[in-house]
Amino acid sequence: MKIKSLKESEKEHLIKVLEITHWDLAKSSRLLKISLQQLKSKLTIYGIKKPGSQ
């Protein structure tokens, strides 16, 4: 069993929340209890982009 790093786990969690909220960033940030600015920063850091966007 491979143990994931904290960064890998956080990235997966962010993606899961975004999928649940249909990529509504405001709703996702509220669920995650972080600011919208923090969420956008994490998306940039992890290279997470909405499917179908470039």
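Laboratory data are not the source of any read-out in this text; all were calculated from the coordinates shown. Source: prediction; values computed, not measured. Heads up, the Cβs are rebuilt from the backbone with ideal geometry, glycines too, and the neighbour counts pull from every protein chain shown.
Those residues that are more than 18 Å from Ser53 (Cα to Cα) and not basic (Lys, Arg), I need them from the range 1-16; list them, please. Scanning the range 1-16 gives Met1, Ile3, Ser5, Leu6, Glu8, Ser9, Glu10, Glu12, His13.
Among the helices (runs of 4 or more DSSP H) contained in the chain, which hold 2 or more residues that are among the polar types (S, T, N, Q) and exposed (fewer than 13 other Cβ atoms within 10 Å of the Cβ)?
Values: elements: 6-20, 25-32, 36-46.
Here the list reads 36-46.
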